[in-house]
Structure formats: C-alpha cells, structure tokens
Amino acid sequence: MEIKHNIGFVTLLLTMIAGYCDTVTFVAADSIFSAHVTGNFIVFAYQFVKGSDIHAWVKLLTFPVFILAVIAGGRIAGKVLNHYTILFWEGLFLLLAGLIVSVLNYFGMFDKTMMYSVVMLTVFAMGLQNAFGKLYAKETHGPTTMMTGNVTQASLDFGTLLKNGFNDADAMISLKKQLILIIGFLIGCFLGAYAGKYFGLVTLIFPGLAMMICYYYHRKI
C-alpha cells in the first residue's frame, strides 16, 4: 500500500485540508479549532475567565469527539485493506457537514445548535485524518494536522545545513519534506480564512470532495 510517488501529493493535500478546516471553523463557528482540538482548551479558558460567552463549554466537547474519531479510524483500519478508506470516511463527513449547512440555510433553519453540530462533524473528520497519519505514517512526510513538530524538525534540518555549508543531502531532503507540510498547511489556513469569512461553513463541501477524489484515485492500489 505504500505509494512513494504519491506521498508528496497526498501530504500536500492533507495538510491543506487540515489547515483549511481548522481555520474555517475558527473563523465561521465561534472560534473553534477542528484539527488542533487542544487549542480549544486555551480558547475555552480565555472565554470562561472573560465571561463573554455562555456557550464556551461547547469547545470542550471537541476533545471526546476527536477521541471517538481516532478510535473509529483504528476500527476502520482493522477491517479494510485500502489505507485510504479512512480518508473516504473523512471526506464523507466533511461533505455531509457542508451539505447540512447548505440545506438548512436554504430553509432558514441553520441556528447555533446546528452550527455546533456541523463543527463536531468536522472535528470527527479531522480525528480520522489524525488516525490515518498515525496508522500509516509512511503514506505522508509527517503529521498533517499539527505543525509544531514539523516546524521543529525543519528548524533542526536548517541548523544542520547551516553547520555543514548546505552540503548535507539527508538534511536537505528532510527540510524539503517539512516545507511541503508547513507550506501546505499555511495555504489551507489562508483559503479557510477567506472561505469562512465570506461564505461560511458551507465551504466544507470542497475539502470533502477532495478527500473523496483522493480515495477513488487510490482505491485500486
């Protein structure tokens, strides 16, 4: 199942989607992170102390939802041969989230409760992506939803290159891989910020479709 010539593309796609989803829910859904769920603890603590939002506690729900998604990803992996089946389910949840927003907006029924429900679907999808990254580490260049470790590795690689006059081939290869992860996530964040501000959560349809396409491209491999 390891497809070396597609690793760069899959890595870029997953990081863009994670950055996109994380930012679009933060911008369009009460400052909730869907990929970096631990960041919601900080936002919750801030809002709780500030006393500005009685719904701040909802952010804590992202943690158990995320855990359930990772467990579900493990169960899926144990029953299928195609690694990308997890990404199919991720795409399905994102597509469903966007369609729910579209339909409810059309009928004027999209309220705050439904907004939180859609966010939890997105969190679940990101949990599946995290499970994919942990279960099939060789399918990507590194973690696709959390950039701190990737930035750390890129910094170490850059330091090694500086030390050796940019003549260390291994460090250069590693740095290029980390840059794919970091730049992809950043691009996704910019796209998510724009989409969240001007169009809202309905744009979750697009990463959902991208994941479905990724799955169908790899389904026979």
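The values are calculated or read from the model by the stated rules, or taken from the named source; none is laboratory data. Since this is a predicted model, take the numbers as computed values, not measurements. Neighbour counts run over all protein chains shown; Cβ positions are idealised from the backbone, glycine included. Ligands, DNA and RNA are excluded from the accessible area calculation, which covers all protein heavy atoms including side chains. Shrake-Rupley method; radii C 1.70, N 1.55, O 1.52, S 1.80 Å.
The table that follows gives values for the structure above.
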item: Residue match in the stretch 40-57 (condition: open to solvent by 70 Å² or more (accessible area, probe 1.4 Å) and under 16 Å from the mean Cα position of the chain (by Cα)); result: no
item: Residue count for the stretch 5-39, restricted to those that are surrounded by fewer than 21 Cβ atoms within 10 Å (Cβ to Cβ), assigned to a helix (DSSP H, G or I) and within 10 Å of the chain's Cα centre (by Cα); result: 0
item: Test result for T145, open to solvent by less than 50 Å² (accessible area, probe 1.4 Å) and hydroxyl-bearing (S, T, Y); result: yes
item: Hits in the stretch 89-113 (condition: assigned to a helix (DSSP H, G or I), open to solvent by 30 Å² or more (accessible area, probe 1.4 Å), among the hydrophobic types (A, V, I, L, M, F, W, C) and under 20 Å from G192 (Cβ atoms)); result: L92, F93, L95, L96, L99, I100
item: Number of the exception - A69 against (1) under 17 Å from M211 (Cβ atoms); (2) part of a helix (DSSP H, G or I); (3) open to solvent by 20 Å² or more (accessible area, probe 1.4 Å); (4) aliphatic (A, V, I, L, M); result: (3)
item: Helices (runs of 4 or more DSSP H) lying entirely in the stretch 132-221 (those with 3 or more residues that are touching a Ser or Thr at 6+ places or on another chain (Cβ under 6 Å)); result: 169-198
item: From the options A137, A154, A125, residue that is free of Cβ contacts under 8 Å to residues at least 24 places away in the same chain and within 25 Å of F9 (Cα to Cα); result: A137
item: Test for F93: is it among the hydrophobic types (A, V, I, L, M, F, W, C), within 20 Å of Y116 (Cβ to Cβ) and modelled with pLDDT under 90; result: no
item: Hits in the stretch 167-190 (condition: more than 13 Å from the chain's Cα centre (by Cα), open to solvent by 70 Å² or more (accessible area, probe 1.4 Å) and within 17 Å of L13 (Cα to Cα)); result: K176, K177, L179, I183, F190
item: Q129, sole failed condition from (1) closer than 19 Å to V65 by Cβ; (2) surrounded by fewer than 22 Cβ atoms within 10 Å (Cβ to Cβ); result: (2)
